[in-house]
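Taking it in order: structure first as structure tokens, then the write-up.
The values are calculated or read from the model by the stated rules, or taken from the named source; none is laboratory data. None of the values given here were measured: they were computed from a predicted structure. All Cβ positions, even for glycine, are placed from backbone atoms using ideal geometry, and neighbour counts span all protein chains on display. Keep in mind that these areas ignore ligands, DNA and RNA; they rest on the heavy atoms of the full protein, side chains included. Shrake-Rupley method; radii C 1.70, N 1.55, O 1.52, S 1.80 Å.
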Amino acid sequence: MNKFIFLLEKYLLPIAEKLGQNRYLNVLKDAFMLSFPLTIFGSIFVVISNLPFLTLMMSEDKVQILKEALAPAAEGSMLIMTVFVVMGIGYFLTTSYNIEGIYGSAVAISAFFLVTPLKNGAMSLDRLGAKGMFVGILVSIIAVELYRKAVLRGWTIKLPDSVPPAVLKSFSALIPAFLTLTVFLVMRILFSLTPFNNIHDFIFTTIQTPLIKLGGGLFATVIAILMIQLLFFFGLHGQVIVNSVLDPVWNTLALQNFEAYQAGRELPNIITKQFMETYTVGLGGTGMTLAVAFTLLFVVKSRQLRELGKMAGPAAIFNVNEPIIFGLPIVMNPLIFIPWMIAPVIVVVFTYFMMAMGLAPIPTGVTVPWTVPIFFSGSLATNSMMGGVLQIINFFIVFIIWLPFIKVLDKQAITAEENNEDDSDLDLEI
């Protein structure tokens, strides 16, 4: 074990730390968080319009009228999520270089629209959603980098200080924005001469589709889960590091499911952003430690571990597990390395096959806040109580895996407490 830990510390942790500090990955994380409140807005009204008992309260015609009335909530938020991500990347990446962020954001959005093809004189929603996600990410990063280089080289219009600040900033951005957008206009013209006709179809065919097939597979998901657990074991925030790499894939898969759900089609993907949050984080935080908190609270006999359970239990219900991570502790604790690593993998594999066999519903793509408690989050994410039931089953799987290891910790804690009491009695006699 010591040699294994040494090798991981020597080779894995430096890579993980570099990923955690990578400018583009951090910008991606912030950009997706920018879209979070907007997708929550759309998700709430999608859930309301698809509640299973609505047909018991009103006629099918009225249910259809309700759905049509609430549909713009999703169309103006979730279905154009790529626009928000582009805007976020433009802003956060520009400000990371200490340049006025609003103009970088505007240039990124304009560049994305420049390379987005029209259909019957209008932009198709799928280009602004799942199908355009990777184009949006790549275009916005390139646009900001071109804009930044023009600004740093001083290719700006200089005006007297007496000019109002808003006018001054606008004219300063004029030449860099003009040059950047010209590049994307030329790019659009060049792609129109290829068999792909536009950059969207080129990226979708050559990059996005292969990455989604890879990232949406069970093997890649298991590897991601193992990496998250391993990084947390060494005290690094594995969720942030791994998610910053895979969120573009998982969010695209989720948007595909949501678009299919809205259209009444079969959901294409099991692995999505909601799958990862609802059936991993949604069971008590990273590592699915709600069952661990439950065991500490109701099973162990050690006073120390029971007190930890009392402190960790309420937070774990809402999927916050820092008390368990640092109180048990999880970090660098070889006694719990095995359950910490294998429990999430077993649950993810079990959940995947339950959904693949049709025994449990697939997440619809609706965004559910990760702090929603178990059962409720599963039901909302899948629009079915069976999604919540599956979470309860997963809870007991984690409980069974962890129980023998918690009992070992309990025995050690009881022995330590008894020794401390004996030492106290000896001190009193002296």
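Figures for the structure shown
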| read-out | value |
| --- | --- |
| Test: residue in the stretch 385-399 that is modelled with pLDDT under 95, open to solvent by 10 Å² or more (accessible area, probe 1.4 Å) and of a type in the set (Phe, Trp, Tyr) | no |
| Filtered residues of the stretch 55-71 (kept if open to solvent by less than 70 Å² (accessible area, probe 1.4 Å) and farther than 19 Å from Ala263 by Cβ) | Met58, Ser59 |
| Residue, nearest to Ser110 (Cα to Cα), within the stretch 181-215, restricted to residues that are touching a Pro at 6+ places or on another chain (Cβ under 9 Å) and not in a helix (DSSP H, G or I) | Asn198 |
| Given (1) open to solvent by 30 Å² or more (accessible area, probe 1.4 Å); (2) touching a residue at least 40 places away in the same chain (Cβ under 8 Å); (3) assigned to a loop (DSSP other than H, G, I, E, B), number of the condition Asn269 does not satisfy | (1) |
| Where a residue in the stretch 80-97 is at negative phi and its partner, wherever it lies, is among the small types (Gly, Ala, Ser) and open to solvent by 10 Å² or more (accessible area, probe 1.4 Å), with Cβ under 8 Å and at least six apart | Gly90/Ala106 |
| Sole residue being in a helix (DSSP H, G or I) and modelled with pLDDT under 90, chosen from Ala69, Ala74 | Ala74 |
| Residue check, Leu152 farther than 27 Å from Pro268 by Cβ, surrounded by fewer than 18 Cβ atoms within 10 Å (Cβ to Cβ) and either at pLDDT 95 or above or of a type outside the set (Phe, Trp, Tyr) (or both) | yes |
| Residue match in the stretch 161-168 (condition: at pLDDT below 90, assigned to a helix (DSSP H, G or I) and within 33 Å of the chain's Cα centre (by Cα)) | no |
| Filter result for the condition that a residue is in contact with a Lys or Arg (Cβ under 8 Å, 6 or more places away or on another chain), closer than 30 Å to Pro268 by Cβ and either open to solvent by 60 Å² or more (accessible area, probe 1.4 Å) or aliphatic (A, V, I, L, M) (or both), over Ile207, Ile199, Ile223 | Ile199 |
| Output for the stretch 226-245, where each listed residue is in a helix (DSSP H, G or I) and either open to solvent by 40 Å² or more (accessible area, probe 1.4 Å) or not hydrophobic (A, V, I, L, M, F, W, C) (or both) | Leu226, Met227, Gln229, Gly238, Gln239, Val240, Asn243, Ser244, Val245 |
| Tally, over the stretch 252-266, of residues that are buried (at least 24 other Cβ atoms within 10 Å of the Cβ) and either assigned to a loop (DSSP other than H, G, I, E, B) or within 15 Å of the chain's Cα centre (by Cα) (or both) | 4 |
| Test for Leu128: is it more than 22 Å from the chain's Cα centre (by Cα) and either buried (at least 16 other Cβ atoms within 10 Å of the Cβ) or over 30 Å from Gly216 (Cβ atoms) (or both) | no |
| Count of residues meeting criterion [among the hydrophobic types (A, V, I, L, M, F, W, C) and assigned to a loop (DSSP other than H, G, I, E, B)] in the stretch 331-362 | 6 |
| Failed item in (1) surrounded by 17 or more Cβ atoms within 10 Å (Cβ to Cβ); (2) in a helix (DSSP H, G or I), with Ile99 passing the rest | (2) |
| Residue check, Gly287 open to solvent by less than 40 Å² (accessible area, probe 1.4 Å), free of Cβ contacts under 8 Å to residues at least 60 places away in the same chain and either touching a Cys at 6+ places or on another chain (Cβ under 7 Å) or over 18 Å from His237 (Cβ atoms) (or both) | no |
| Residue match in the stretch 175-192 (condition: of a type in the set (Gly, Ala, Ser) and surrounded by fewer than 12 Cβ atoms within 10 Å (Cβ to Cβ)) | no |
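This table checks each residue for (1) under 20 Å from the mean Cα position of the chain (by Cα); (2) hydroxyl-bearing (Ser, Thr, Tyr); (3) over 30 Å from Leu54 (Cβ atoms).
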site: Asn319; (1), (2), (3): yes, no, no
site: Phe337; (1), (2), (3): no, no, yes
site: Val345; (1), (2), (3): yes, no, yes
site: Val349; (1), (2), (3): yes, no, yes
site: Ala360; (1), (2), (3): no, no, no
site: Ala381; (1), (2), (3): yes, no, no
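So that you can scan it fast, the table gives a plain yes or no per residue for (1) within 19 Å of the chain's Cα centre (by Cα); (2) part of a loop (DSSP other than H, G, I, E, B):
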position	(1), (2)
Glu277	yes, no
Val292	no, no
Leu296	no, no
Pro329	no, yes
